[in-house]
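S.K.: First the structure, which I've put down as structure tokens, then a few questions once you've had a look.
Every number here is computed from the coordinates shown, using simple stated rules; none is lab data. The shown structure was predicted, so the numbers you read here are calculated from the model rather than taken from an experiment. Glycine gets a Cβ as well: all are built from the backbone with ideal geometry, and neighbour counts include every protein chain shown.
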Amino acid sequence: MAQRLMLLDTASLYFRAFYGIPDTIRRADGTPVNAVRGLLDMIARLTTDYEATHLVACWDDDWRPQWRVDLIPSYKSHRVAEAVADAPDVEIVPDALRAQIPLIRRVLDLAGIAVVGAAGHEADDVVGTYASHAGLPVDVVTGDRDLFQVVDDARRVRVIYTARGMKNLEVLTEAVVVGKYRVLPGQYADFATLRGDTSDGLPGVAGIGEKTAASLLAEYGTLDGLLAAAADPESGLSASVRSKLAAAADYLAVAPAVVNVVRDLELPTLEQAGAPLNPVSGDARAELEALATQWNLGGSVGRLLAALDRSP
């Protein structure tokens, strides 16, 4: 089997599982297990259908890094449940989901699935680094548009987009991104900067929406190229756009550092992280099967084990 790496935007997937499966599915003590079941079923199906040989569950060690907040204070501010001095802010997470996260980590560990995070960075940055340096084909699984910027046909990096559900997965290549937004993946971060993104608390440039942002990038290539044109009185940029960009100058000076995923983190190699998929055996398999019964995980553990049994 040809080698292929799958990178999971893990929080995106377990949130989707939690909201997509009724939380009435619980273990005997009343603890919900819908997110655990859903995530395991997603992993089983995705690794099988897309023939992954390596898998990394990319983790948010810091879901709202302070260095990003320092640049744009509104960054993800609507998702803050509690501001914590000298520590990462607490994200709004339903109690019924929060109770399941330790079990998710335990099951992934027993299944031999690599979990990788980076201090002071989001899962997106872990994805961006591995996708840029893996040296083998990559499928990024996410429900967030932010990661469209890593799509790269030359590096054989695709995004498997889950926003419409597991029955309607969309595989994004460069052509698909261009078809949806009229920008190349390499322009997507600049596009998002101009357009803004309410889901991340990015204000964008007032008066510049998706169509205008795409048209400007088609003409000037990059945000830097656009700003150079705005600074050049001889360029053909309209007075209206110049005015809008000038009004947003402070935002535009810092936004790219926030919007662009980091691609040069010091991370363990795929081998060091334990990314190669292998069948689960021995005590780990026995404990997983026991957890399936104890935690009312139904057939989800069995389907995950069957998917891993097919590993090379």
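S.K.: At most 16 other Cβ atoms within 10 Å and a DSSP loop assignment: could you name the trypsin sites (Lys or Arg not before Pro) in the stretch 226-283 that fit?
M.R.: Hits after loop and neighbour filter: R263.
S.K.: State whether the stretch 185-259 is rounded, prolate or oblate according to the following rule on the C-alpha gyration tensor (a ≥ b ≥ c being the square roots of its eigenvalues): a/c under 1.5 gives rounded; otherwise a/b larger than b/c gives prolate, and the remaining case gives oblate.
M.R.: prolate
S.K.: So which trypsin sites (Lys or Arg not before Pro) in the stretch 154-203 are both in a DSSP loop and have at most 10 other Cβ atoms within 10 Å of their Cβ?
M.R.: Qualifying residues, ordered by number: R164.
S.K.: Under 5 Å between amide hydrogens, which residues at least 5 positions from E91 or on another chain qualify, with H placed 1.01 Å from N in the peptide plane?
M.R.: Distant-sequence amide H within range of E91: A81.
S.K.: Right, something else. For E287 and V90, compute 0.36 nm times the residue count separating them, minus their Cα-Cα distance, and round to one decimal in nm.
M.R.: Values: separation 197, 0.36 × 197 = 70.92 nm, distance 3.15 nm.
Fully extending the segment from E287 to V90 adds 67.8 nm.
S.K.: Using the Cα atoms of the chain, I'd like the radius of gyration and the largest Cα-Cα distance, Dmax, both in angstrom.
M.R.: Final numbers for Rg and Dmax: 21.0, 72 Å.
S.K.: I need to check one value: relative contact order of the stretch 185-259, counting alpha carbon pairs closer than 8 Å and at least 6 residues apart, in percent.
M.R.: 32 percent
S.K.: At R0 = 25 Å, how high is the FRET efficiency between V254 and A175 if r is their beta carbon distance? Nearest 0.05 is fine. List each step's numbers first, then the result.
M.R.: Numbers: r = 32 Å, r/R0 = 1.27.
Given R0 = 25 Å and the Cβ-Cβ separation, E is 0.20.
S.K.: For each of D153, D197, count neighbouring Cβ atoms within 10 Å of the residue's Cβ, then give the residues from fewest to most.
M.R.: So the ranking, lowest neighbour count to highest, is D153, D197.
S.K.: Can you tell me which lysines have their Cα less than 24 Å from the Cα of K244? Leave out same-chain residues fewer than eight positions away.
M.R.: K76, K211
S.K.: May I ask you to sort V159, V140, V90, V177 by Cβ crowding, counting other Cβ atoms within 10 Å and putting the fewest first?
M.R.: The order, fewest Cβ neighbours first, is V90, V177, V140, V159.
S.K.: Could you tell me whether the stretch 1-149 comes out rounded, prolate or oblate from its Cα gyration tensor? Rule is a ≥ b ≥ c as square roots of the eigenvalues, rounded for a/c under 1.5, then prolate if a/b exceeds b/c, otherwise oblate.
M.R.: It comes out oblate by the Cα gyration axes.
S.K.: Of all the stretches in the chain, which is the longest one without any exposed loop site, taking GluC sites (Glu not before Pro) in a DSSP loop (any state but H, G, I, E, B) with at most 10 other Cβ atoms within 10 Å?
M.R.: With a cap of 10 other Cβ atoms within 10 Å, the longest stretch comes to 1-233.
S.K.: Report, in deg cm²/dmol and to the nearest 500, the calculated mean residue ellipticity at 222 nm for the chain, where each DSSP H run with n ≥ 4 adds -39500 (n - 2.57) and the sum is divided by the residue count.
M.R.: On the way: 15 runs with 141 residues, N = 312.
Taking each H run of at least 4 residues, the total per residue is -13000 deg cm²/dmol.
S.K.: How large is the dipole of the stretch 185-259 about the Cα centre if only Lys and Arg carry +1 and Asp and Glu carry -1, each at its Cβ, rounded to the nearest 20 debye?
M.R.: On the way: 4 positive and 9 negative charges, 38 e Å.
The dipole of the stretch 185-259 has a size of about 180 debye.
S.K.: Also, I was wondering about something else. To the nearest 20 debye, what charge dipole does the chain have about its Cα centre, counting +1 at the Cβ of each Lys and Arg and -1 at the Cβ of each Asp and Glu?
M.R.: 1020 debye
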